[in-house]
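All remarks here apply to the structure that follows.
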C-alpha cells in the first residue's frame, strides 16, 4: 500500500466517524489494533482491540451528548506513518472544548494497526472528558 491509499483510508475514517458509521470504522481497524490517548483523564490511556476503540468513540459521542464535531484539516503520509491534523469542538456540562489534535496512524495491509492521539492541550482535554 502506498501514500495515496493510506491518505484515502484516513480520510474515509474521518468521514465515517463524522457520519456515525461504525460499520465502516470497524472495517478500517485490525481486530487487535491499539489506540493511545494522551493525558490523565478518564478517557486517557490505551484502548486495546477494535471493539475497545469503537467503544471509546462511542464514549466521546455520549459524553458530549452528540455535540462532538471533528474537521480533518490535513493528512500527511510518510514512509512509516500517516498523520491526521484535526480541529475538534464539543460541549459538555456547560463547558466547551475547542482545540486541535494530531493523530499518528500506523497502517498495514489497508488497515489501522495503531493510533497515537495527541491533543493540543492534554490537561484541558483530560479535564473536559473526565
Exercise for the section: Would you calculate the separation in nanometres between label points at residue 81 and residue 108, each defined as 7 Å from the Cα along the Cα-to-beta-carbon direction? Expected result: 1.7 nm
Exercise for the section: Would you please calculate the Kirkwood hydrodynamic radius of segment 3-129 over all C-alpha pairs and express it in Å, rounded to one decimal? Expected result: 14.6 Å
Handout entry: Computed [θ] at 222 nm, helices only, for the chain once each DSSP H run of length n ≥ 4 contributes -39500 (n - 2.57)
Key = -11000 deg cm²/dmol
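Quick note: the coordinates plus some simple rules give every number you see, no bench work behind them. Small disclaimer: the values here were computed from a predicted structure and weren't measured. Please note: Cβ atoms are built from the backbone with ideal geometry, for glycine as well, and neighbour counts cover all protein chains shown.
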